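> This is the structure I have questions about; it appears just below.
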There are 2 protein chains.
Amino acid sequence: MMELWIPLNDKSAPAYEQIYRFIKEEIRQGRMAAHTRLPSTRRLSQQLGVSRGTVQLAYDQLVAEGYLEPEPCRGYFAAEIEVLLRLEENRTEDAAQGRRDGFQADCHPADRFPADAAEGGGNRFQVDFSPRGIDLEHFPLSTWRKLSRETLTAANKSLFSSGDPQGERGLREAICRYLRSARGVSCRPEQMIVGAGSEYLLMLLNQLAGRQAIAMENPTYKQAYRVFQRLGHPVFPVPMDKSGMEMEALRASGAQIAYIMPSHQYPTGIVMPVRRRQELLAWAAEQEGRYILEDDYDSEFRYRGRPIPSLCGSDAHGKVIYLGTFSKSVAPAIRVSYLVLPEALLARYQETCGFYSSTVSRVDQEILRRFLEEGYFERHLNRMRSLYRNKHDRLLAALEPLRDRFRIQGDTAGLHVLLESREPVPERTLLERAAAAGVGVYGLSEYYLTPPAQESGTVLLGYASLTPEQIEQGIQVLDAVWRK
Amino acid sequence: MMELWIPLNDKSAPAYEQIYRFIKEEIRQGRMAAHTRLPSTRRLSQQLGVSRGTVQLAYDQLVAEGYLEPEPCRGYFAAEIEVLLRLEENRTEDAAQGRRDGFQADCHPADRFPADAAEGGGNRFQVDFSPRGIDLEHFPLSTWRKLSRETLTAANKSLFSSGDPQGERGLREAICRYLRSARGVSCRPEQMIVGAGSEYLLMLLNQLAGRQAIAMENPTYKQAYRVFQRLGHPVFPVPMDKSGMEMEALRASGAQIAYIMPSHQYPTGIVMPVRRRQELLAWAAEQEGRYILEDDYDSEFRYRGRPIPSLCGSDAHGKVIYLGTFSKSVAPAIRVSYLVLPEALLARYQETCGFYSSTVSRVDQEILRRFLEEGYFERHLNRMRSLYRNKHDRLLAALEPLRDRFRIQGDTAGLHVLLESREPVPERTLLERAAAAGVGVYGLSEYYLTPPAQESGTVLLGYASLTPEQIEQGIQVLDAVWRK
């Protein structure tokens with residue numbers, strides 16, 4: 001076991017963050033070898049004169065990002081970081097910059113395709129734990145109205161003439177600034193294409209990259225799968241281990257593009273550790289024409305530790321296509337998503353697809369630009385994060401009585417958790433009993449492209465659109481009907 | 001020469017329209033045989049006790065629609081109408097209904113793809129006769145602002161949740177009503193798909209119909225050509241005669257889809273006569289999988305006679321795919337277009353593409369719905385029609401001194417006219433001399449997919465975005481520099 005002398009001398013950053021940064025750099029720079037055992041949280045906290053919770057927070061973050069590996073009853077070990085591809089050097093600085101600009105450190109963009117397999121039946125259920133949907137009760141309507149009014153007053157009727165095919169420059173600059181500070185994505189506005197929803201952008205990508213074979217995590221986000229299929233891409237489902245997409249299976253698939261959600265995989269909630277990220281980047285760098293399509297759909301809602309950096313921010317070889325959206329962070333119906341293209345694809349876009357007009361109204365683009373630039377987005381995210389965190393905590397508290405029968409997974413981030421039965425109960429039984437009692441829950445199996453090796457009796461519980469009372473009421477019902 | 005006893009007993013319709021309708025029915029019902037010579041306008045006007053101009057108006061409309069054929073110095077003859085496919089019976093009634101509903105008879109939808117080859121160089125010219133662009137000075141900003149404010153006040157935050165994939169039902173109903181009354185298109189809201197621009201809808205169509213070979217008029221609208229090419233459709237340029245796409249060449253091409261603009265061909269301004277329409281419908285009906293893609297892009301701006309009915313309104317066999325947009329009639333940047341699918345393709349859409357989310361913001365859809373339903377659209381069109389008519393008339397008056405050297409074509413509708421040199425002057429010379437004097441004009445040759453048989457020295461003059469003063473000033477300059 002090593003001693004760690006961490007200088008906690010940065011007054012502007014919390015202690016847990018300084019600990020996190022220090023250990024991360026030790027590992028990244030090779031000063032701390034793989035498999036090194038770290039001091040226990042108790043010991044390090046005594047040594048540094050901070051609370052044990054502070055050290056725990058730092059360790060959790062390092063585990064979440066894959067720098068540390070916890071071993072039950074043995075402690076924490078430095079992970080193996082073989083191919084240390086250049087991590088965006090300015091990311092740490094940018095994150096700090098972001099806070100100075102008013103963004104909280106855990107303020108992240110996010111997005112989701114609007115339609116999903118588990119849309120839920122609307123009024124079919126009294127309590128519907130649909131994993132999609134967001135809290136629209138707290139949509140910033142008055143701000144949106146104010147910006148809309150001011151935009152239309154100030155307009156310059158030129159707002160109604162044809163605009164920039166990639167989206168208005170001002171909006172792209174605002175999104176770039178946001179991505180840089182909150183997601184560590186260092187991109188130029190020239191690389192960005194704003195479009196009316198992620199599905200449209202995938203259509204565009206299809207025209208850029210051709211009908212390449214695409215590897216998808218299994219289980220995955222089915223709506224993206226449907227789009228790829230429709231566009232004629234061969235799709236290879238690749239099994240996941242606890243780090244995400246399995247590399248061996250990816251290699252064996254022969255796919256050219258890997259579609260992944262490294263910050264928070266849907267539906268499993270897995271956060272891809274740094275090593276797997278590096279392996280994926282290395283895989284992509286091996287061959288021309290290989291790309292990683294990073295769908296960074298809901299990284300802004302994280303309840304523990306620092307934000308997980310985007311994979312795109314670590315991409316030194318122009319191999320990551322980054323897909324973002326405002327569907328989850330603002331609202332699905334405003335229909336604004338964006339692609340960040342690596343240089344090679346950008347050149348191809350300009351050659352072959354630059355003639356396509358933008359699909360987003362210029363007035364809407366201007367409203368969103370002001371929403372971002374004038375601090376409204378940041379405030380909205382902070383508010384929503386706090387609201388969602390409250391719902392999340394209420395859900396976990398309500399689930400306490402079920403813990404003897406169910407394992408809870410994917411509960412550090414996002415807007416849903418997974419409940420996995422400890423007993424061999426068929427998923428269908430869980431769904432049917434819940435439905436009979438007026439509660440909607442969603443089976444993990446429907447997110448599989450090919451059936452899982454073994455049925456797990458796992459359901460998804462989304463809570464974003466429910467009130468805390470509905471959450472508690474729903475879980476009480478589930479507790480009762482699943483006890484039978 | 002026959003006698004025509006036309007009962008002018010309908011008090012609700014103008015005399016010219018009664019004459020037009022009577023003769024049209026005589027021909028359609030076969031009571032007036034092909035090649036029958038009609039009374040001269042002088043004679044018929046004396047007989048009916050109306051002005052000669054009234055009869056001329058009726059004859060012009062019948063010529064425009066292909067029911068009559070004028071022969072210089074000989075008079076008017078009934079055209080050959082071989083295969084009289086069912087014309088939508090309720091079209092005439094609908095048009096009357098439309099007027100009662102407040103729409104003028106010549107109130108038509110229209111649309112244009114937003115980007116075009118001849119976009120013009122922005123500030124490159126002092127006077128830019130770009131054939132694209134619309135008059136945005138008169139965009140109904142205060143109405144739009146009012147509707148936007150009211151929509152956001154009234155919202156029901158559900159407006160920000162995911163909506164109907166085809167577009168909101170209310171908007172589709174409003175567009176259907178409009179199409180029925182103004183364009184004779186009898187469609188159900190179920191057949192309509194609202195999307196963020198015509199290009200997006202062509203991408204969707206590509207996924208529905210597959211990569212079918214497409215026949216396009218030559219010259220044609222280049223932006224649509226680029227979309228088809230990009231999507232991998234083989235494109236066959238088909239030469240035009242004075243009625244539009246040549247049938248022989250269409251048949252020889254082997255294309256499955258004919259992309260046409262029958263109401264007002266772009267760029268030639270040709271209005272497709274009824275006979276060619278019937279031939280096209282018959283061609284499509286011959287074989288399963290054949291379709292006509294009718295781009296009805298600017299039919300609302302017509303300066304003489306009644307509106308030209310849509311081809312879709314005459315389609316009895318589900319062979320016409322109708323593409324409309326609000327880009328020209330409202331503004332390009334609001335990004336709303338729509339497809340009307342025949343039943344067979346509708347079924348395929350529901351099977352294969354129904355999972356795609358709508359690409360238009362629900363708030364924008366609601367604003368547009370109210371704009372249509374509360375009479376604002378009609379008033380806007382009336383206003384724009386009068387503004388454009390004034391510009392059009394000023395342009396034609398300004399062109400008088402050039403008539404000895406140029407033929408004027410395509411001047412009954414739309415937002416541009418064509419000037420064809422009577423002398424063999426190369427198009428390039430015309431363009432270069434104009435540009436050197438700070439005036440932008442656009443050569444017809446750039447709209448050709450394959451070079452025309454002979455260079456015609458023809459330029460397009462768009463006038464929508466210019467003031468009457470700019471128009472006159474620009475033409476004076478052209479007159480001078482082209483005299484050299």
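The values are calculated or read from the model by the stated rules, or taken from the named source; none is laboratory data. These numbers come from a predicted model, not from an experiment. Cβ atoms come from the backbone with ideal geometry, glycine included; neighbour counts cover every protein chain shown. The protein model used for the area step is the full one, side chains on, heavy atoms only, and it has no ligands, DNA or RNA in it. Shrake-Rupley method; radii C 1.70, N 1.55, O 1.52, S 1.80 Å.
> When DSSP beta bridges are limited to those with both residues in region A:162-374, what percentage is antiparallel, rounded to the nearest 5?
40
> May I ask you to derive the FRET efficiency for A:Ile408 and A:Lys146 from their Cβ-Cβ distance with R0 = 35 Å, giving the value to the nearest 0.05?
Working from the Cβ atoms, E equals 0.30.
> Let me ask you something else. What total accessible surface area, summed over both chains, is buried at the interface between chains B and A, computed with a 1.4 Å probe and given in Å² to the nearest 100?
Result for this pair: about 4200 Å² buried.
> Here's a follow-up. Report, for the protein assembly as shown, the % of DSSP beta bridges that are antiparallel, rounded to 5.
DSSP beta bridges in the protein assembly as shown are roughly 60 percent antiparallel.
> How much accessible area per residue does the protein assembly as shown have, counting only protein heavy atoms and a probe of 1.4 Å, in square angstrom?
37
> Also, I was wondering about something else. In nm, one decimal, shortest first: how far is the label point of A:Gln46 (7 Å from Cα along Cα to beta carbon) from the matching points in the other copies?
Distances to the matching label points in the other copies: 12.3 nm.
> Going by a 1.4 Å probe on protein heavy atoms, which residues of region B:329-348 end up with at least 50 Å² less accessible surface in the whole assembly than in their chain alone?
B:Ala333, B:Arg335
> Using a 1.4 angstrom probe on protein heavy atoms only, which residues from region B:155-170 are buried by at least 40 Å² of accessible area when all chains are present rather than their own chain alone?
Residues of region B:155-170 that lose at least 40 Å² of accessible area once the other chains are added: B:Lys157, B:Phe160, B:Ser162.
> Looking at region A:417-483, which trypsin sites (Lys or Arg not before Pro) are in a loop (DSSP not H, G, I, E or B) and have at most 14 other Cβ atoms within 10 Å?
A:Arg422
> Another one. Other chains' Cβ within 10 Å of B:220-229 residues: what's the mean?
1
> Over chain B, what percent of the accessible surface lies on carbon and sulfur atoms, probe 1.4 Å?
47
> To the nearest whole number, what is the average tally of beta carbon atoms from other chains within 10 Å of the beta carbons of peptide A:143-153?
Taking all residues of A:143-153 together, the mean is 3.
> For chain B, restrict the atom set to alpha-carbon positions and state the Rg and Dmax in Å.
22.4, 68
> At 1.4 Å probe size, with no ligands or nucleic acids counted, give the accessible surface of B:Asp10 in Å², nearest ten.
Number for this one is 50 Å².
> Okay, next question. Once you place label points 7 Å from the Cα toward the Cβ at A:Arg251 and B:Ala453, how far apart are they in nm?
6.5
> Find which of B:Ile334, B:Ile257, B:Gln229 sits farthest along the positive direction of the dipole of region B:162-374, computed with +1 on the beta-carbon of Lys and Arg, -1 on that of Asp and Glu, about the Cα centre.
The one lying farthest along the dipole's positive direction is B:Ile334.
> Also, quick follow-up: Can you give the log10 of the normalised intensity I(q)/I(0) at q = 0.18 Å⁻¹, computed with Debye over equal Cα scatterers of region A:162-374?
-1.39
> Would you mind getting me the FRET efficiency between B:Ala480 and A:His138? Use the beta-carbon distance for r and R0 = 60 Å, nearest 0.05.
Here the calculated transfer efficiency is 0.40.
> Rounded to the nearest 500, what is the 222 nm mean residue ellipticity of the protein assembly as shown from helices alone, with -39500 (n - 2.57) per DSSP H run of 4+ residues and division by all residues?
-12000 deg cm²/dmol
> How much of the DSSP bridge set in chain A is antiparallel, in percent, rounded to the nearest 5?
Restricted to chain A, the bridges split so that about 60 percent are antiparallel.
> On to the next question. Copy-to-copy spacing for A:Thr153, label 7 Å out on the Cα-to-C-beta vector, in nm, shortest first?
1.4
> Please report, to one decimal in angstroms, the Kirkwood hydrodynamic radius of region A:15-79 built from all distinct Cα-Cα pairs.
Computed over region A:15-79, the radius equals 11.5 Å.
> Set the Förster radius R0 to 51 Å, insert the Cβ-Cβ distance between B:Arg42 and B:Ala213 as r into 1/(1 + (r/R0)^6), and round the FRET efficiency to 0.05.
Here the calculated transfer efficiency is 0.55.
> Would you be so kind as to identify all helices of chain A, as entire DSSP H runs, whose Cα atoms reach 15 Å or more along the helix's own axis and whose mean Kyte-Doolittle hydropathy is at least -0.5?
Flagged H segments are A:52-64, A:198-209, A:274-285, A:468-483.
> Considering the dipole of chain A built from charges on the beta carbon (Lys and Arg +1, Asp and Glu -1) around the Cα centre, which of A:His35, A:Val417, A:Tyr447 is farthest to its positive end?
A:Val417
> In debye to the nearest 20, how big a dipole does the protein assembly as shown give about its Cα centre with +1 on each Lys and Arg Cβ and -1 on each Asp and Glu Cβ?
That gives the protein assembly as shown a dipole magnitude of about 1260 debye.
> When we measure straight from the Cα of B:Lys24, which lysines land under 28 angstrom away, once same-chain ones fewer than 8 places off are left out?
Filter leaves B:Lys11, B:Lys242, B:Lys319.
> Run the label-point distances for B:Gln409 please: 7 Å along Cα to Cβ, every other copy, nanometres, shortest first.
Reported distances to equivalent positions: 6.9 nm.
> Okay, moving on. Go through B:11-21, B:318-328, B:162-172 and give me the packing order, highest mean Cβ count within 10 Å leading.
Top to bottom by mean Cβ count within 10 Å: B:318-328, B:162-172, B:11-21.
> Residue of B with Cβ nearest the axis relating B to A, plus distance in whole Å?
Closest Cβ to the B-to-A rotation axis, residue and whole-Å distance: B:Ala196, 2.
> When the Kirkwood radius is taken over all Cα pairs of the protein assembly as shown, what Stokes-Einstein diffusion coefficient follows at 25 °C and 0.890 mPa s, in µm²/s?
79
> Shifting gears a bit: Describe numerically, in nm with one decimal, the distance between label points set 7 Å from Cα along Cα→Cβ at A:Ala436 and at A:Ala397.
Placing both labels 7 Å beyond Cα along the Cβ direction yields 3.1 nm.
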